[in-house]
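The values are calculated or read from the model by the stated rules, or taken from the named source; none is laboratory data. What you see is a predicted model; the values in this text were computed from it and never measured. Virtual Cβ from ideal backbone geometry, glycine too; neighbours counted across all protein chains shown.
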Amino acid sequence: MAEILVLGAGVMGSAFSVLLADCGHKVNLIGTHLDTDIIRGILRDGIHVKLKVKLPDRIVASTIDHLEEELSDRSDLIVYGVNSAGVQWANRQLGQLLKKSIPILMLTKGLAVQNNAIRILPQIVRRDMLDFGLNDISVGAVAGPCIAAELAARRQSSVVITHPDPELLQWLLKLVDAPYYHARPSTDLVGIEVCAALKNFGIITQKKAIFSKLWK
């Protein structure tokens, strides 16, 4: 059993927490400042107001002001469940609290510009953590297709988990070994993350094109 901290209590961060709990891990689900109502609902009756499911008892939900006490030396993995605009905010929150380098797994998708170059988000995390003296942060990622509501309902889901270190990649795969979650490995972190980001961009562009035709 691992102890895992998930930062971001939105639909995907919370759905992934359900998976982790089903795999026998202790999960500390920390809501951001945007997730206060969600966390309050979970603390009240255990139900995630957006996913409409009751979260397993292995998930301990807390608001962002409890991040420091929940992020301990016992944490084996940190999962980013924030949106792409919140990645650097999450880096600052965690960077100032981390006493050692804990592996990070990103559910967040997207690309960002840093130092006049386009980078994948795991590269942004590693670069930002250098400012806090964390030189050996290990960052991997999960790429879909996977819909949060279906994952939370424990329906069959297929993903790619990517990490440049084959040994850590195998460890991550074992962490999420549930019968309804089918994860394939890849060490091509850049390739997988670029494809995942462009896939989302393509969907948004397609939707905009459809709506523009409807409103003509």
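Against the criterion of being in contact with a strand residue (DSSP E or B) (Cβ under 6 Å, 6 or more places away or on another chain) and of a type outside the set (K, R), G86 does not qualify.
Each residue in the range 81-103 was checked for being of a type outside the set (S, T, N, Q) and in contact with a helix residue (DSSP H, G or I) (Cβ under 6 Å, 6 or more places away or on another chain), and 5 pass. When each of D73, D35 is tested for being over 14 Å from the mean Cα position of the chain (by Cα), buried (at least 23 other Cβ atoms within 10 Å of the Cβ) and of a type outside the set (K, R), the lone residue that passes is D35. Candidates in the range 19-32 are the residues that are free of Cβ contacts under 8 Å to residues at least 40 places away in the same chain and in a loop (DSSP other than H, G, I, E, B); of these, the one that is surrounded by the fewest Cβ atoms within 10 Å (Cβ to Cβ) is G24. Which pairs have Cβ atoms under 9 Å, sit 6 or more apart or on different chains, and link a residue in the range 83-109 that is assigned to a loop (DSSP other than H, G, I, E, B) to one that is of a type in the set (D, E) and crowded, with 18+ Cβ neighbours inside 10 Å? Listed by first residue and then by second, the contacts come to K109/E193. The requirement of being among the polar types (S, T, N, Q) and under 17 Å from H33 (Cα atoms) is fulfilled somewhere in the range 57-80, by at least one residue. Residues in the range 176-199 include at least one that is over 19 Å from P103 (Cα atoms) and within 15 Å of the chain's Cα centre (by Cα).
When residues of the range 41-58 are filtered for being among the basic types (K, R), assigned to a loop (DSSP other than H, G, I, E, B) and out of contact with any helix residue (DSSP H, G or I) (no Cβ under 7 Å at 6 or more places or on another chain), how many remain? Selection size over the range 41-58: 1. Could you tell me whether G46 is free of Cβ contacts under 8 Å to residues at least 12 places away in the same chain and at positive phi? Judged against the criteria, G46 is a match. With respect to the conditions (1) acidic (D, E); (2) touching a Ser or Thr at 6+ places or on another chain (Cβ under 8 Å); (3) under 24 Å from P164 (Cβ atoms), E70 falls short on a single one, namely (3).
For (1) surrounded by 17 or more Cβ atoms within 10 Å (Cβ to Cβ); (2) within 25 Å of S14 (Cα to Cα); (3) among the hydroxyl-bearing types (S, T, Y), each residue gets a yes or a no:
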{"position": "Q114", "(1), (2), (3)": "no, no, no"}
{"position": "I120", "(1), (2), (3)": "yes, yes, no"}
{"position": "Q123", "(1), (2), (3)": "yes, yes, no"}
{"position": "R127", "(1), (2), (3)": "no, no, no"}
{"position": "N135", "(1), (2), (3)": "no, no, no"}
{"position": "V142", "(1), (2), (3)": "yes, yes, no"}
{"position": "I147", "(1), (2), (3)": "no, yes, no"}
{"position": "S158", "(1), (2), (3)": "no, yes, yes"}
{"position": "L169", "(1), (2), (3)": "yes, yes, no"}
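Here S72 fulfils each of the conditions (1) within 22 Å of S101 (Cβ to Cβ); (2) assigned to a strand (DSSP E or B); (3) not β-branched (V, I, T) apart from (2). Restricting the search to helices (runs of 4 or more DSSP H) fully inside the range 120-216 and requiring at least 3 residues that are more than 24 Å from Q88 (Cβ to Cβ) and either modelled with pLDDT of 95 or more or not polar (S, T, N, Q) (or both) gives 148-152, 166-175, 189-214. Right, D65: part of a loop (DSSP other than H, G, I, E, B), of a type in the set (D, E) and surrounded by fewer than 20 Cβ atoms within 10 Å (Cβ to Cβ) or not? Here the answer is no, as D65 does not meet what is asked.
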